[in-house]
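Report on one structure; see the data block that follows.
The values are calculated or read from the model by the stated rules, or taken from the named source; none is laboratory data. If you're wondering where the values come from, they're calculated on a predicted model, not measured in any experiment. In this analysis, Cβ positions are derived from the backbone assuming ideal geometry, glycine residues included, and neighbour counts consider all displayed protein chains.
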Amino acid sequence: MIKSYTLFFTFILISFLSSCKGGFKPLFDGESLNGWTTARSSGQSDYGPFSVNKEEKAIHVYADKADKSEQLSDVLYTDKEYSHFILRLEYKWLEKKFSPRIDWDRDSGLLFHIHGDLTKVWPYCIEMQIGESPANKPHKRGAEGRFHSGDLFVIGKGLSTETRRNEHKYYEPTQEPIRGKSVFASAGIEKKGEWNQMELRVYGDKKAVFILNDEVVLETTNFEYNGKPIGKGRIGLQAEWAEILFRNIEIKELPIE
């Protein structure tokens, strides 16, 4: 009996250490959406366009929706707030697009420092853009719009960051930082039809680093809401009228200096 208990607890310890390899812990267990809530569900059990693809061990957005059907946008966000952390995930676009954006480039986003009204779409937050537009596509509105992975969007009146950019709002690390909202990454290669790796490094209200497929594509600093530092919030994934998978979502919380 003692030997059986020893083997059991050894197995549990190995499983825990494996899940926390390098200090990272899974934010998504591959089996359920426990620990997550959607904006439109207001804490209920309905996850709207988000479900679990158990074959891929991934979060599947708009899995059971008919191609080109009219759908709602939504945000899936963590129940817990985070401040200093490194987040890693993989994403892959699938085929379907949905009204009202069937003629647009595919669009989604990784959100952090979500705060304020959690039922709002879109909530106050900072976004690392996920999108299929090439980096050299100019920014326009509507169906001609640019949605490039690694771009920065700052969502919500009164929320702003400082980013080194040129006069055309493209990230340029040699320039002086300018306070504002959207800044476009001039680099970053998305793998078409494949899994793409994203890494987000956040240091409270001081800095965030956007990494796409092992390449640093943008840094932004000094996050403020109505002139006051904003250094924590929830983490979220967007459902924005395009079918997408997210997997291997893991986080490593960092010490606050």
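Observations, loosely collected:
- Long-range neighbours under 6 Å by Cβ, at least six apart or interchain, first residue on the phi < 0 side of the Ramachandran plot within the range 44-63, second aliphatic (A, V, I, L, M) and assigned to a loop (DSSP other than H, G, I, E, B): Tyr47/Leu33; Ser51/Ala63
- Among the residues of the range 204-218, those identified as in a strand (DSSP E or B), surrounded by fewer than 19 Cβ atoms within 10 Å (Cβ to Cβ) and not β-branched (Val, Ile, Thr) are Lys207, Glu215.
- When Lys96 is tested against (1) under 30 Å from Val202 (Cβ atoms); (2) at pLDDT 95 or above, just one condition goes unmet, and that condition is (1).
- In the range 113-159, the qualifying residues are those that are among the charged types (D, E, K, R) and in a strand (DSSP E or B), and the one that is nearest to Lys207 (Cα to Cα) is Glu127.
- Scanning the range 1-36 for residues that are at pLDDT 95 or above and not in a loop (DSSP other than H, G, I, E, B) yields a count of 3.
- For the range 97-115, the set of residues classified as farther than 20 Å from Leu152 by Cα and of a type outside the set (Asp, Glu) consists of Lys97, Phe98, Ser99, Pro100, Arg101, Ile102, listed by residue number.
The rows are residues; the columns are (1) of a type in the set (D, E, K, R); (2) closer than 29 Å to Glu56 by Cα; (3) within 17 Å of the chain's Cα centre (by Cα).
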position	(1), (2), (3)
Glu132	yes, yes, yes
Leu159	no, no, no
Thr163	no, no, no
Tyr171	no, no, no
Ala185	no, no, yes
Lys192	yes, yes, no
Leu200	no, yes, yes
Glu219	yes, no, yes
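- Given (1) outside any strand (DSSP E or B); (2) at pLDDT 95 or above, number of the condition Glu162 does not satisfy: (1)
- Among the candidates Leu159, Leu118, Leu111, residue that is of a type outside the set (Ser, Thr, Tyr) and crowded, with 22+ Cβ neighbours inside 10 Å: Leu111
- In the condition set (1) touching a residue at least 40 places away in the same chain (Cβ under 8 Å); (2) surrounded by fewer than 17 Cβ atoms within 10 Å (Cβ to Cβ); (3) in contact with an Asp or Glu (Cβ under 9 Å, 6 or more places away or on another chain), Met198 is compliant with all but (2).
- Count of the range 156-178 residues, restricted to those that are in contact with a strand residue (DSSP E or B) (Cβ under 6 Å, 6 or more places away or on another chain) and within 20 Å of Gly116 (Cβ to Cβ), is 5.
- All positions within the range 199-249 that are acidic (Asp, Glu) and closer than 30 Å to Ala66 by Cα: Glu240, Glu243
- Yes/no for Ser186 being of a type in the set (Ser, Thr, Tyr), within 30 Å of Glu31 (Cβ to Cβ) and either surrounded by 18 or more Cβ atoms within 10 Å (Cβ to Cβ) or free of Cβ contacts under 8 Å to residues at least 60 places away in the same chain (or both): no
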